[in-house]
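In what follows, a structure is listed as structure tokens, so that the remarks can point back to it.
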Amino acid sequence: MPVIGSGNIKFFFSHVPRTGGRSFIQAMVQSGCDVDYRLRHGTHPHATWEEVRRVFGNDIPCIAVVREPVERFLSAMRFEDRSIDAEDMKKQIRGMRQPPQVEERHFKPQAEFVPDHSLVFKYESDLPDLEKYLRAFGFIKPGVSIQRMNAGGGTHDLSSRAGLTKVRRWYKHDFRRFGYT
């Protein structure tokens, strides 16, 4: 969760874990933006909207990136080294009663990070639009590139979505709220 500032303009960049937010934050920092990490948790800046609201109020503008919930969950599983291959991942998921709880909040529902008034961009399709938006408003300067990080991506993808009904159920609110099917 950082609050990003440039001149008199400030906004909450809802850093939903496992959605590429760090790449954008780094580009904004390289562009000279101020980053307010007052709500930093552990070593990762993932504050919920409720925590942000208590410090900065309800009216702070917000930008958020969200990701298809099952893909985000699988990315977090890979990132957290919860499995050694696809079969092990399926076995791990079958044994879970709820999403894991980690300090970095990688498994927390996205809806807990994103206020209703957010300008929302989807990881799968809208990152170029987010980049254009941030550049147009001077938050990312010309010549500063956005490094696409994909930690935990693609190492042992599940070719079949069978058995992931439990994961879909855990994040059903995210599916509905952000328009994923």
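The values are calculated or read from the model by the stated rules, or taken from the named source; none is laboratory data. Small disclaimer: the values here were computed from a predicted structure and weren't measured. For neighbour counting, all protein chains shown are included, and Cβ atoms are generated from backbone atoms with ideal geometry for every residue, glycine included. Heavy atoms of the whole protein, side chains included, go into the accessibility calculation; ligands, DNA and RNA do not. Shrake-Rupley method; radii C 1.70, N 1.55, O 1.52, S 1.80 Å.
Mind sorting out which of (i) 16; (ii) 6; (iii) 20 is the real percent of Cα pairs over 31 Å apart computed from the coordinates?
Answer label, from the structure shown: (i).
If the cut-off is a Cα-Cα distance under 14 Å, which aspartates and glutamates reach LYS10, setting aside same-chain residues fewer than 8 apart in sequence?
Those aspartates and glutamates meeting the cut-off are ASP34, ASP36, ASP59.
If you roll a 1.4 angstrom probe over the protein chains with everything in place, what fraction of the accessible area of the chain belongs to carbon and sulfur, to the nearest %? Intermediate values should be presented prior to the final figure.
Numbers: 4440 of 9260 Å².
In the chain, the share of accessible area belonging to carbon and sulfur is 48 percent.
Determine ³J(HN,Hα), in whole Hz, for all residues of the range 17-29 in sequence, where each value follows from phi through the Karplus function 6.51 cos²θ - 1.76 cosθ + 1.60 and θ = phi - 60°; x replaces Gly and Pro.
x, 6, 10, x, x, 4, 4, 6, 4, 4, 5, 5, 5
Please turn the phi angles of the range 124-134 into ³J(HN,Hα) values with the Karplus equation 6.51 cos²θ - 1.76 cosθ + 1.60 (θ = phi - 60°), one per residue in order, whole Hz, x for glycine and proline.
Karplus values, whole Hz, x for Gly and Pro: 6, 9, 10, 4, x, 5, 4, 4, 4, 4, 5.
May I ask what percent, to the nearest 5, of DSSP beta bridges between residues of the chain are antiparallel?
The antiparallel fraction comes to roughly 55 percent.
At most 16 other C-beta atoms within 10 Å and a DSSP loop state: those are the exposed chymotrypsin sites (Phe, Trp or Tyr not before Pro) I care about. Give me the longest piece of the chain that has none.
Values: sites that count: TYR37, PHE137.
That gives 38-136 as the longest site-free run.
Residues with amide H under 5 Å of PHE121's amide H, sequence separation 5 or more or different chain, H placed in the peptide plane at 1.01 Å from N; which?
Here the answer is ALA64, VAL65, VAL66, since their amide H atoms fall under 5 Å of that of PHE121.
Counting only heavy atoms of protein chains, what accessible area per residue, in Å², does the chain have with a probe of 1.4 Å? Please list the in-between numbers first.
Details: 9260 Å² over 181 residues.
Accessible surface, normalised per residue, equals 51 Å².
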